[in-house]
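One structure below.
The values are calculated or read from the model by the stated rules, or taken from the named source; none is laboratory data. Only a predicted model underlies this, so the values are computations on that prediction, with no experimental measurement involved. In this analysis, Cβ positions are derived from the backbone assuming ideal geometry, glycine residues included, and neighbour counts consider all displayed protein chains. Side chains included, ligands, DNA and RNA excluded: accessible areas come from the protein's heavy atoms. Shrake-Rupley method; radii C 1.70, N 1.55, O 1.52, S 1.80 Å.
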Amino acid sequence: MTELKAKTDFSIKGFKEGLLITLGHEDWDEVQIQLLSQIEEKSKFFSGAKVAVEIGERVLHAAEMAGLRDALSDRGVKLFAVLSNSQVTDVNAESLGLKTRKSVLKENTSGFGPAALDGKPAILLQKTIRSGTSIKYAGNVIVDGDVNPGAEILTTGSIFIWGKLRGSVHAGVEGSESETICAMEFDPINLRIANISLKGNKLFRKLKRKPVRITIANSKLAIDYWENRK
Amino acid sequence: MAAKIITITSGKGGVGKTTATANITVALAQLGQRVVCIDSDIGLRNLDVVLGLENRIVYDMVDVIEGRCRIRQAMIKDKRFEGLFLIPAAQTRDKSAVSPSDMIQLCNEIRKETDWILIDSPAGIERGFKNAIAPAEEVLVITNPDVSAVRDADRIIGIIESEEKGPARLIINRINPEMVKRGEMLAAEDVMELLAIELIGIIPEDEKVLISTNIGKPVVTHEKSIAGQAFRNIARRLLGDDIPLIDIELKDGIFHRISRVFNFGGE
């Protein structure tokens, strides 16, 4: 969890569903100006973010919320929830299709902690990774779906795709040559492990659309088809 | 009952958003539905031309939003079809004249008085597109069977998913069965395989579409047009009818490959 305390009176935290911004008690126009300028300053960090705002006892009208939502939307930020202690505000939020405290922040109480094994962290993405999507992750990425042309995945670790790889992938972006890339069907626009690219490699043109695992062996990319393993 | 709000979008320009909006609107009206179509392409309005209502415009959407008229005054009644209204875009303004909240409010105002609201989206993924999908309950993505249109459709579908408007449904427009047969055009199943969303209709290439667009009389009014039939089928599928794609296939002896992937009601 990253917490960045601004000069102004609000805080920003990461939580499961996006970013949680707790706003201060000043005049609403003032708070909004401060928030928007903060977002503009850190536009890279906020770009594409989903945001919930915590407003405490403050009562917000639908028009004020809609205004905030439009202003955020113009800056590439999606407002999806307004958390407040006021029932009036909750009703207003719901009328705009925003989530409220009731529908967000359900704590995980299952009792399952982190695995006791010495594994590496990974994220599981159960969807098609579509054109225009860029996934940058410090760790390993597992995709249960296709990676379409125009999509890219960059990881410090390995990439596993239970589907068709047709976009661009780069494993081991920090130089680790022990990473692998696996896919069920293989037709990438570009592929790279550490600093070695498949572009220009003769094997690249001969790639079969079959389940494959790609590793680095002797400073070259090695292509290992699943069907040859038997 | 409140109207169902549907936005028709594509990413790429020129794939047939406006033509599809006009034809589905008219097809729904012909089925006895009350329909309001909204042209959200502020500055580049077209839907009025395709519907042949261009010379009836007095007020437009921006006039409503900026309070210069009531919404009723901007709704142009199409005298040929009972229950069909158009809210035109402003031609002399740009996308920044409207916000996503304005669109939501506009739709909420007319929701009770109609069965369907169809929104014609501008091309691109910027403000105009965001405005168009803000009020939508369902999004129809239209594409052509070519690589660049499909790539843009993929991007759009991704954005719709992240805005939690999904799952979008797909219209493949301007399929030319002869070219598909010769392997010169992507087949519908190639498009489906990449985009991986539900198909709601395939519109075959039909020169009557262009002719009817130019005279402001949507092709769906031609009883014999094959594209018109395809649009009528989409309208009926929106109403929940189970219409197989076989209709078109039988008439012209085409789409044998498509019928395999396109299995309505058989899931």
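From the set of residues in region A:169-190 that are open to solvent by 30 Å² or more (accessible area, probe 1.4 Å) and hydroxyl-bearing (Ser, Thr, Tyr), which is farthest from residue A:138 (Cα to Cα)?
Here the residue is A:178.
Could you tell me which residue of region B:181-201 is farthest from the other protein chains (Cβ to nearest Cβ), considering only residues that are surrounded by fewer than 16 Cβ atoms within 10 Å (Cβ to Cβ) and outside any helix (DSSP H, G or I)?
Once the filter is applied, the top-ranked residue is B:182.
I need the full set of residues from region B:33-73 which are touching a Leu at 6+ places or on another chain (Cβ under 9 Å), under 16 Å from residue B:91 (Cα atoms) and not in a loop (DSSP other than H, G, I, E, B), in order please.
B:38, B:39, B:47, B:48, B:56, B:61, B:64, B:65
Name the strands (runs of 3 or more DSSP E) wholly inside region A:134-178 in which the number of residues that are farther than 18 Å from residue A:196 by Cα and among the charged types (D, E, K, R) is 1 or more.
Fully inside region A:134-178 and qualifying: A:134-137, A:159-165.
Give B:168, B:153 a once-over and let me know the one that is in contact with a Gly (Cβ under 8 Å, 6 or more places away or on another chain), buried (at least 21 other Cβ atoms within 10 Å of the Cβ), within 13 Å of another protein chain (Cβ to nearest Cβ) and not basic (Lys, Arg).
None of the others qualify; the one that does is B:153.
So which residues in region B:129-142 are out of contact with any strand residue (DSSP E or B) (no Cβ under 6 Å at 6 or more places or on another chain) and more than 8 Å from chain A (Cβ to nearest Cβ), if there are any at all?
Filtering region B:129-142 for residues out of contact with any strand residue (DSSP E or B) (no Cβ under 6 Å at 6 or more places or on another chain) gives B:129-131, B:134.
Result: B:129, B:131, B:134.
Considering only region A:42-66, state which residues are within 11 Å of chain B (Cβ to nearest Cβ), surrounded by fewer than 17 Cβ atoms within 10 Å (Cβ to Cβ) and of a type in the set (Gly, Ala, Ser).
A:48, A:63
Report whether or not residue B:258 is assigned to a helix (DSSP H, G or I), within 22 Å of residue B:140 (Cβ to Cβ), more than 20 Å from the chain's Cα centre (by Cα) and at pLDDT below 90.
Spelling it out, residue B:258 is indeed assigned to a helix (DSSP H, G or I), within 22 Å of residue B:140 (Cβ to Cβ), more than 20 Å from the chain's Cα centre (by Cα) and at pLDDT below 90.
For (1) more than 14 Å from every other protein chain (Cβ to nearest Cβ); (2) at pLDDT below 95; (3) closer than 30 Å to residue B:164 by Cα; (4) under 22 Å from the mean Cα position of the chain (by Cα), each residue gets a yes or a no:
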site: A:120; (1), (2), (3), (4): yes, yes, no, yes
site: A:136; (1), (2), (3), (4): yes, yes, yes, yes
site: A:179; (1), (2), (3), (4): yes, no, no, yes
site: A:191; (1), (2), (3), (4): yes, yes, no, yes
site: A:196; (1), (2), (3), (4): yes, yes, no, no
site: A:199; (1), (2), (3), (4): yes, yes, no, no
site: A:207; (1), (2), (3), (4): yes, yes, no, no
site: A:212; (1), (2), (3), (4): yes, yes, no, no
site: A:230; (1), (2), (3), (4): yes, yes, no, no
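Which number in (1) within 14 Å of another protein chain (Cβ to nearest Cβ); (2) in contact with a Phe, Trp or Tyr (Cβ under 8 Å, 6 or more places away or on another chain) marks the one condition that residue A:156 misses?
The single condition residue A:156 does not satisfy is (1).
For region A:116-154, which residues satisfy the criterion of being closer than 24 Å to residue A:178 by Cα and among the hydroxyl-bearing types (Ser, Thr, Tyr)?
A:134, A:137
Within region B:127-150, restricting attention to residues that are assigned to a loop (DSSP other than H, G, I, E, B) and touching a helix residue (DSSP H, G or I) at 6+ places or on another chain (Cβ under 7 Å), which residue is surrounded by the fewest Cβ atoms within 10 Å (Cβ to Cβ)?
Looking only at region B:127-150, we keep the residues that are assigned to a loop (DSSP other than H, G, I, E, B), and these are B:134-137, B:144-146.
Subset that is touching a helix residue (DSSP H, G or I) at 6+ places or on another chain (Cβ under 7 Å): B:134-135, B:145.
On the way: B:134: 27, B:135: 25, B:145: 21.
The residue in question is B:145.
Take region B:111-126 and flag every residue that is buried (at least 19 other Cβ atoms within 10 Å of the Cβ) and not in a loop (DSSP other than H, G, I, E, B).
B:116, B:117, B:118, B:119, B:120
Quick one: would you say residue A:142 is out of contact with any Asp or Glu (no Cβ under 7 Å at 6 or more places or on another chain), crowded, with 17+ Cβ neighbours inside 10 Å and at pLDDT 95 or above?
no
I'd like the full set of residues that are open to solvent by 20 Å² or more (accessible area, probe 1.4 Å), more than 25 Å from residue A:37 (Cα to Cα) and either more than 13 Å from chain B (Cβ to nearest Cβ) or outside any loop (DSSP other than H, G, I, E, B) (or both), limited to region A:74-98.
Result: A:85, A:87, A:88, A:90, A:91, A:92, A:94, A:95.
How about region B:99-110: which of its residues are within 16 Å of residue B:66 (Cβ to Cβ) and either open to solvent by 40 Å² or more (accessible area, probe 1.4 Å) or acidic (Asp, Glu) (or both)?
B:102, B:105, B:109
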